[in-house]
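What follows is a single structure, written as structure tokens, with notes after it.
The values are calculated or read from the model by the stated rules, or taken from the named source; none is laboratory data. Being a predicted model, the structure only gives us computed values, none of them experimental. Quick reminder, even Gly has a Cβ in these numbers, built from the backbone with ideal geometry, and neighbours come from all protein chains shown.
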Amino acid sequence: MSEPTLDHSLDLESNKAPVYTTKRTDLFYCREFLNLPNKGSSAHIIGKIGLEKEFKDNKLHRVYSNNTLQISDCNNKINLEISTNKEYAENSIYKLDKLIEVLTQMRAALKKIIKEREKLDKQLVKSNYEFSK
């Protein structure tokens, strides 16, 4: 079997590979820490919304976006994809609206339980004091 040879007759200029370039536009980026100063570690939320345009030989070839919502505490992390594809865009808006709705309801419930807990803690202190007499 003979060794393969390199064909020097190939004109590399006429067989150029297409040139791909990508331009990203960040429409929204936000990172916020979720704990009060001196009350925790690196718990955070990051939201990213951006559009990427891919060009092939200086002509628009493809458009896509890479949008995420990341919520993290000390030990756990969740990443949600927020799609802008035609078939999923409506669902992405619904997903964010549902998160806002649940978080708003949870905040209201938490405020109520904090008040109830404060009352119970005061009763507990009084009853422990009376018991120790």
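Conditions tested, residue by residue: (1) exposed (fewer than 11 other Cβ atoms within 10 Å of the Cβ); (2) within 30 Å of Lys16 (Cα to Cα); (3) of a type in the set (Gly, Ala, Ser); (4) within 12 Å of the chain's Cα centre (by Cα).
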position	(1), (2), (3), (4)
Lys48	no, no, no, yes
Leu51	no, yes, no, no
Lys56	no, yes, no, no
Lys59	yes, yes, no, no
Glu81	no, no, no, yes
Lys86	yes, no, no, no
Leu99	no, no, no, no
Thr104	yes, no, no, no
Ala108	yes, no, yes, no
Exercise. Taking the stretch 72-84 as the region of interest, how many residues are under 18 Å from Gly50 (Cα atoms) and in contact (Cβ under 8 Å) with a residue 12 or more places away in the chain?
Worked result: 5
Problem set entry | Options Ile49, Ile78; residue that is part of a strand (DSSP E or B), in contact with a Phe, Trp or Tyr (Cβ under 6 Å, 6 or more places away or on another chain) and either of a type outside the set (Phe, Trp, Tyr) or at pLDDT below 95 (or both) | Ile49
